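S.K.: Here's a structure for you.
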Amino acid sequence: MSHIERSTFMTSPATPIPQARYGIGDVVRHRLLDFRGVIFDVDPEFANSEEWYLSIPESMRPAKDQPFYHLLAENAEQNYIAYVSQQNLVPDDTDEPVDHPAITTMFDRFDEGRYQLRPEHRH
């Protein structure tokens, strides 16, 4: 293999991996739907079932190759766990805590707009 062929082969571009914009403990709001929540886990790309993915209306279905976030979520009627793509999240600027019963099992306190992970959950 000549020097030019080897260089071309070795420098072929890799598929970029999207970086997570949000971290565990961040409070976020859904961009389109009326709910907010605190992030308790992050998947670098879609990691749910195909059935779940196909249940999203096609006009709203996000790309799979982006971070997805697990949220302890709330809306006006209920608390629940949500799985949301990065493209559908925005920072929550209310500086208000999220009202979800599972928060105390994962987080110590709400400080300066974000939740602090309990020591036993840090690694």
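The values are calculated or read from the model by the stated rules, or taken from the named source; none is laboratory data. Predicted model only: the values in this text are computed from it and were never measured. So basically every Cβ, Gly included, is an ideal-geometry build from the backbone, and we count neighbours across all protein chains shown. Ligands, DNA and RNA are excluded from the accessible area calculation, which covers all protein heavy atoms including side chains. Shrake-Rupley method; radii C 1.70, N 1.55, O 1.52, S 1.80 Å.
S.K.: In the range 14-92, what GluC sites (Glu not before Pro) fall in a loop by DSSP, with at most 14 other Cβ atoms inside 10 Å?
M.R.: 45, 58, 77
S.K.: Still on this structure: Sorting check: for 99-110, 19-30, which peptide has the highest mean count of neighbouring beta carbons within 10 Å, and how do the rest follow?
M.R.: Ranking the peptides 99-110, 19-30 by packing returns 19-30, 99-110.
S.K.: Ok, one more. Restricting to the chain, compute how many DSSP beta bridges are antiparallel as a %, nearest 5. Could you put the intermediate results ahead of the total?
M.R.: Numbers: 25 of 25 bridges.
So the antiparallel bridges in the chain amount to around 100 percent.
S.K.: Spin-label point model (7 Å from Cα, Cβ direction): what's the residue 87 to residue 19 distance in nm?
M.R.: Label at residue 87, label at residue 19, 2.0 nm between them.
S.K.: Same structure again: Can you give the accessible area per residue of the chain, in Å², using a 1.4 Å probe? Mind showing how you got there, number by number?
M.R.: On the way: 8240 Å² over 123 residues.
Normalised by residue count, the accessible surface of the chain is 67 Å².
S.K.: Any idea what the dipole of the chain comes to, in debye rounded to 20, about its Cα centre with Lys/Arg Cβ at +1 and Asp/Glu Cβ at -1?
M.R.: Values: 11 positive and 21 negative charges, 90 e Å.
Taking the Cα centre of the chain as origin, the dipole is about 440 debye.
S.K.: Another one. Summarise the accessible area of the chain (1.4 Å probe, protein heavy atoms) by the percent that is carbon and sulfur. Before the final figure, lay out the partial values.
M.R.: Working: 4350 of 8240 Å².
Carbon plus sulfur share of accessible area: 53 percent.
S.K.: Report, in cubic angstrom per residue, the convex hull volume of the C-alpha atoms of the chain. Numbers along the way, then the final one.
M.R.: Details: hull volume 21.7 nm³, N = 123.
Cα-based convex hull of the chain, divided per residue, equals 177 Å³.
S.K.: For the range 23-36, what does the Karplus curve 6.51 cos²θ - 1.76 cosθ + 1.60, with θ = phi - 60°, yield as ³J(HN,Hα) per residue in whole Hz, taken in order and with x for Gly and Pro?
M.R.: The phi angles translate into x, 4, x, 6, 9, 10, 10, 6, 5, 10, 9, 8, 8, 9 Hz.
S.K.: Under the definition of Cα pairs under 8 Å and six or more residues apart, what whole-number percent is the relative contact order of the chain? Each step should come with its number before you reach the end.
M.R.: On the way: 195 pairs, mean separation 31.3, N = 123.
Taking the mean separation of contacting Cα pairs over the length of the chain, I get 25 percent.
S.K.: Rounded to the nearest 0.05, what FRET efficiency do residue 94 and residue 42 have when you use their Cβ-Cβ distance and R0 = 22 Å?
M.R.: 0.50
S.K.: Which order do 92, 65 take by accessible area at a 1.4 Å probe, largest first?
M.R.: Details: 92 25, 65 105 Å².
Most to least solvent-accessible, the answer reads 65, 92.
S.K.: Still on this structure, please answer the following. Would you calculate a helix-derived [θ] at 222 nm for the chain, using -39,500 (n - 2.57) for each DSSP H run of n ≥ 4 and dividing by the full residue count, to the nearest 500? Spell out each step's value before the answer.
M.R.: Values: 3 runs with 17 residues, N = 123.
Result for the chain, helices only: -3000 deg cm²/dmol.
S.K.: Kindly sort 72, 32 by accessible area of their heavy atoms, largest first, with the probe set to 1.4 Å. Spell out each step's value before the answer.
M.R.: Values: 72 0, 32 95 Å².
So the residues, ranked largest to smallest area, are 32, 72.
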